[in-house]
Amino acid sequence: MTDGTVPPPIVSLSGVHLSLGHDAGRVHILKGVDLDIAAGRRVGIIGPSGSGKSTLLMVMAGLERADKGSVTVGGSELTGMSEDQLARFRGGSVGIIFQSFHLIPNMTALENVAVPLELAGVPRAFEAAREELAAVGLAQRTSHYPSQMSGGEQQRVAIARALVTRPPLLLADEPTGNLDETTGAQIVDLMFSATRDRGMTLVMVTHDAALARRCDETIRVRSGRIETLETAGAGGA
């Protein structure tokens with residue numbers, strides 16, 4: 001039995017402001033964002049180009065620093081962390097998938113996936129990386145370089161790399177943006193099933209409203225503010 005206590009959100013932003021650029025070119029991107037995301041949810045972030053969607057995701061990842069407000073992820077307050085502390089936080093707590101894959105071109109698929117484990121000093125890194133590649137359907141492509149793989153295969157490698165450290169939170173920034181419709185759908189299915197099976201939280205920026213509707217919740221961002229937060233009647237498959 002439970003005591004009825006509601007667990008704290010895995011992501012909590014309070015009064016977050018962020019500006020980018022310098023002097024006269026400085027632009028106020030996020031404007032007082034308040035947001036809580038419960039653990040285990042699949043959340044889509046949508047909105048017009050330039051609305052602050054990707055910046056919001058990067059703040060959650062600790063890749064952009066809020067000028068004002070608090071950012072707490074997995075119980076860790078990111079605002080006062082040093083760059084080294086943020087790197088350690090990302091290494092164990094967050095997996096990140098980008099639109100352009102961000103694979104290391106002179107490394108094989110296996111080496112790319114093993115990198116975060118090696119950086120963390122995890123033993124048997126290559127064995128774990130091999131298992132993760134098999135889980136995303138690339139057991140036969142471990143020795144291939146990014147230039148030898150299709151876009152869909154490269155994104156699968158990126159997903160394996162993001163998942164290999166077993167983080168509780170997966171952040172994806174337009175993960176299907178460089179893929180055709182069929183391949184993109186396969187990538188989304190893979191992310192949804194992987195996060196569901198592992199009890200992870202997925203937060204995904206997308207321009208695809210139909211994809212966002214598959215999520216448990218949809219956050220609409222406009223002009224640096226949360227415009228609406230909608231909860232689906234039934235989450236994605």
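A few comments on the model shown:
- Conditions (1) touching a Lys or Arg at 6+ places or on another chain (Cβ under 6 Å); (2) open to solvent by less than 50 Å² (accessible area, probe 1.4 Å); (3) not polar (S, T, N, Q): number failed by GLU227: (2)
- Segment 192-231, residues that are among the aliphatic types (A, V, I, L, M) and assigned to a helix (DSSP H, G or I): ALA194, ALA209, ALA210, LEU211, ALA212
- Residues (buried (at least 20 other Cβ atoms within 10 Å of the Cβ) and either free of Cβ contacts under 8 Å to residues at least 60 places away in the same chain or touching a Gly at 6+ places or on another chain (Cβ under 8 Å) (or both)) located in segment 192-202: ALA194, MET200, THR201
The values are calculated or read from the model by the stated rules, or taken from the named source; none is laboratory data. Remember, it's a predicted structure, so these values are computed and weren't measured experimentally. Cβ: placed from backbone, ideal geometry, glycine included. Neighbour counts: every protein chain shown. The protein model used for the area step is the full one, side chains on, heavy atoms only, and it has no ligands, DNA or RNA in it. Shrake-Rupley method; radii C 1.70, N 1.55, O 1.52, S 1.80 Å.
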